[in-house]
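As structure tokens, the structure follows; a few thoughts come after it.
The values are calculated or read from the model by the stated rules, or taken from the named source; none is laboratory data. Here the structure is a predicted model, which is why all the values come from computation and not from measurement. No Cβ is skipped: glycine too gets one built from the backbone with ideal geometry, and neighbour counts run over all protein chains shown. Quick note on the areas: whole protein, heavy atoms, side chains included, nothing else; ligands and nucleic acids left out. Shrake-Rupley method; radii C 1.70, N 1.55, O 1.52, S 1.80 Å.
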Amino acid sequence: MTNDKKIFLRELISVNKLAERAGITASYLSSILNNQRQPSRALAYMLTQESNKLLQKEYFTIQDFNPKG
């Protein structure tokens, strides 16, 4: 994920809210965003879907959360 998208995510979407909607901890999501952990494809898909729902537009892709997609 680009730094611009990370900033956008943190400022416009609550990391805590996204983590809650994805069924993971905010700490785990933070690790994903900081490229310290790589989520499964299913979790990356869920994070993509929930992020876009919260934004009410298609902005994030699965590669943003899992570069190996």
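At-a-glance table
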{"item": "Burial ranking of peptide ranges 60-66, 18-24 (average Cβ count within 10 Å, highest at the top)", "result": "60-66, 18-24"}
{"item": "All lysines inside 24 Å of K68 as judged from Cα atoms, apart from same-chain residues fewer than 8 positions distant", "result": "K5, K6, K53, K57"}
{"item": "Sum of -39500 (n - 2.57) over DSSP H runs of 4+, divided by residues of the chain (222 nm, nearest 500)", "result": "-18500 deg cm²/dmol"}
{"item": "Accessible surface of the chain [probe 1.4 Å, protein heavy atoms]: carbon and sulfur percent", "result": "46 percent"}
